[in-house]
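I have placed the structure first, in the form of structure tokens, so that the comments after it can refer back to it.
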Amino acid sequence: MVNLDLRITRDGESVSETLREVDQTMSAVRAALTNEGVADKDLQTTSTGIHQRYDNQGQPVRGFSGFHTLRVGVRDLEQVNRLVELAVSAAGDSLLIDGITLSIADAEPLLATARERAFDDARRRAEEYARFAGRRLGAVIWIGDTLRGPEPMMYAMRAQSDSAGLSLAPGESTVTASLSVRFAWADDPTPTDETNTEDRDR
């Protein structure tokens, strides 16, 4: 899945005029995207604001600058260029692309597999330690895990009206499950006599 962070920036003589310009431009961008099939659930405002304009010496000048950042979730990689072109057509040079993130749309099945493999690895390691100690491994008495999802890949660029398009490569993402498993000794009923092992699988 591709997440596009689109930013609209507009200048105006007053706060109300600036806000109106930003809102009108962003509304045009959203309309263009939804008409192309982007669902409302895949459009999310991430930030918006307005501030006084300043010159190169840091002195305030007449007017204000406003912005509105929209995160667009694109579930079809081949659709990205078309959507960027539509956004540029709707907003012109007021459109910036703050970033492009590639991620896995539904990582839960991969996380489930990673957790299962991590537990199997933890058990194998615990059995090795038990063998080294001349003991037998007993029941699991405690499990703790920390999940880390896919590591996103970031891109950034400025949108241009004459852009030739974006060249994106999905590549691979890593899904990691880290866990600790505590086992009792099978040959000693003492509750405090236990072994601990940690393992990670990707």
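Bear in mind these aren't lab numbers, they're just calculated from the coordinates by the rules spelled out. Because the structure is predicted, anything quoted here is derived from the model rather than measured. All Cβ positions, glycine included, derive from the backbone under ideal geometry; neighbour counts span all protein chains shown.
Structure above, values below:
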read-out	value
Contour minus Cα-Cα distance for residue 11 and residue 125 (0.36 nm per residue)	34.8 nm
Alpha-carbon centroid distance for the pair the range 1-22 / the range 49-100, whole angstrom	6 Å
Additional length obtainable on full extension of the chain from residue 82 to residue 141, 0.36 nm per residue less Cα span	15.8 nm
Highest to lowest packing among 98-108, 57-67, 175-185, scored as the average C-beta count within 10 Å	175-185, 98-108, 57-67
Ranked by how many other beta carbons lie within 10 Å on average, peptides 111-117, 38-44 from highest	111-117, 38-44
Residues residue 103 and residue 48, FRET efficiency given R0 of 25 Å [Cβ-Cβ distance, rounded to 0.05]	0.60
